[in-house]
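The values are calculated or read from the model by the stated rules, or taken from the named source; none is laboratory data. This is a predicted model, so every value here is computed, not measured. Here Cβ is always computed from backbone atoms with ideal geometry, including for glycine, and neighbour counts include all displayed protein chains.
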Amino acid sequence: MSQENTEQSRDSVIVRTSIIGIVANVFLATFKAVVGVLSNSIAIVLDAVNNLSDAMSSVITIVGTKLAGRKPDKKHPLGYGRLEYLSATIISVIVLYAGVTSFVESVKKIISPEKADYSTVTLVIVAAAVVVKIILGRYVKSVGEKVNSDALIASGTDATLDSIISASTLVAAAIYMTSGISLEAWLGAIISIVIIKSGIEMLKDTVSQILGERADASFTKAIKATIASFPEVNGAYDLVLHAYGPDTYVGSVHIEIPDTMTAGEIDRLTRNIRREVYKKHKVMLEGVSVYSINTKDDNAHAMMETCRNIVLSHEYVLQMHGFYVDEELKNITFDMVISFKANNKEEILKEISDKIREVYPDYKLYIALDADFSD
């Protein structure tokens, strides 16, 4: 299946799942609104409003998916996939707004309480809504995880929370009918706080993705393993991935290869690497840079081990790679990865540089500081 057909299939799954969510939530909201008004239950009315916000979230998911599925153009050559992050952010804001509004209404009811009037039909409808929301929440979330849609995952999580909210209204009704104690408004306030907390967490997750998160460790390690599987490659380093929407990555990487390879051999190797990485991982490697490995100088290996021991003895240094000795120019060159936990990278660089210069005073030292982009 081509990439375009795969994207169309994913989009159709998201749209179909969202439509199911819209129908279910509008249906539930209608019944709950009627029941809430007739029984004078603020908790059930707020639950109905929450269902309407869920339906709106599904509409936003559909719109976001359609917009994100637009083909790349001159202005946006890497496509519109990141619009899905924005739609997930809007859904989070809607959930947060619903929580705040519900809390305000609940506080009003606490100050000026009104008695509820439950009936058997009311409780049966609410109980049925609980079952529907549990099934809907699990279904939407599972589909979201399957097609890697943050918007669907957010909607599914919200639906699961709704089922808990609806169940709590049943508990409040049972307490009122057996003891005459009304917990409606207090329950509404608690429900609102849960919704607010959920909205904040969802918003934090989507904002984090917009800022650019560290790629999953298992994913980056699998890509590096694919690159290192080529016999000419001694190691793969400095893998940087940029996400342009779910399952759309553009990246770059450094590889270590023998210094005896010709330009033609390097060209053929890097092209094969790009094809294999895209075939297996659907990642477009736009840059494959080269580190040369000494093969003509037996002393270079011993020098590398000495430098490696000095470099890795520091607690904040994670890795050393790209080591090369140029005997003609008397240069030692390598890259060093320092942890984000380090407060002063320049100080660490100076400390390590001084130690290596003590051992090799006749060489010029060039150390490049690399960021800890991926595992």
Practice task
Filter the stretch 351-375 for residues that are without any contact (Cβ under 8 Å) to a residue 12 or more places away in the chain and outside any loop (DSSP other than H, G, I, E, B) and give the result.
Solution key: Asp354, Arg357, Glu358
Practice task
Confirm whether Val132 is surrounded by 21 or more Cβ atoms within 10 Å (Cβ to Cβ) and assigned by TED's automatic domain parsing to the domain that holds Gly36.
Solution key: no
Practice task
Would you check if Val107 is free of Cβ contacts under 8 Å to residues at least 60 places away in the same chain and part of a helix (DSSP H, G or I)?
Solution key: no
Practice task
Within the stretch 177-222, track down each residue that is over 31 Å from the mean Cα position of the chain (by Cα) and without any contact (Cβ under 8 Å) to a residue 24 or more places away in the chain.
Solution key: Thr178, Ser179, Gly180, Ile181, Leu183
Practice task
Search the stretch 83-106 for residues being more than 21 Å from Leu161 (Cα to Cα) and modelled with pLDDT of 80 or more, and hand back the single one that is surrounded by the fewest Cβ atoms within 10 Å (Cβ to Cβ).
Solution key: Leu86
Exercise for the section: Tell me which of these Ala225 doesn't satisfy, since it passes every other one: (1) under 30 Å from Ile94 (Cβ atoms); (2) among the hydrophobic types (A, V, I, L, M, F, W, C); (3) free of Cβ contacts under 8 Å to residues at least 40 places away in the same chain. Expected result: (1)
Problem - Residue that is surrounded by the most Cβ atoms within 10 Å (Cβ to Cβ) [pool: residues in the stretch 41-61 that are more than 23 Å from the chain's Cα centre (by Cα) and under 16 Å from Val93 (Cβ atoms)] - result: Asn50
Problem - Any hit, the stretch 132-140, residues being in contact with a Leu (Cβ under 8 Å, 6 or more places away or on another chain) and under 16 Å from Thr65 (Cα atoms) - result: yes
Completion exercise
All-but-one check, Pro72 against (1) surrounded by fewer than 20 Cβ atoms within 10 Å (Cβ to Cβ); (2) modelled with pLDDT under 80; (3) not in a helix (DSSP H, G or I), failing number (2)
Exercise for the section: State whether the residues of the stretch 240-248 include one that is more than 20 Å from Asp150 (Cα to Cα), surrounded by 15 or more Cβ atoms within 10 Å (Cβ to Cβ) and more than 10 Å from the chain's Cα centre (by Cα). Expected result: yes
Problem - The listed residue being of a type in the set (Gly, Ala, Ser) and over 29 Å from Leu83 (Cβ atoms), out of Ala185, Ala154, Ala222, Ala217 - result: Ala185
Exercise for the section: Looking only at the stretch 228-258, count how many residues are in a strand (DSSP E or B) and either over 19 Å from Ile338 (Cα atoms) or without any contact (Cβ under 8 Å) to a residue 40 or more places away in the chain (or both). Expected result: 12
Problem - Options Leu269, Leu285: the member that is modelled with pLDDT of 90 or more and in contact with a strand residue (DSSP E or B) (Cβ under 6 Å, 6 or more places away or on another chain) - result: Leu285
Fill in the blank from the handout: Of the residues in the stretch 1-14 that are at pLDDT 75 or above and surrounded by fewer than 17 Cβ atoms within 10 Å (Cβ to Cβ), the one that is nearest to Ala48 (Cα to Cα) is Ser12
Handout entry: Scope the stretch 154-176; condition under 20 Å from Ile91 (Cα atoms) and touching a residue at least 40 places away in the same chain (Cβ under 8 Å); matching residues
Key = Ala154, Ser155, Thr157, Asp158, Ala159, Asp162, Ile165
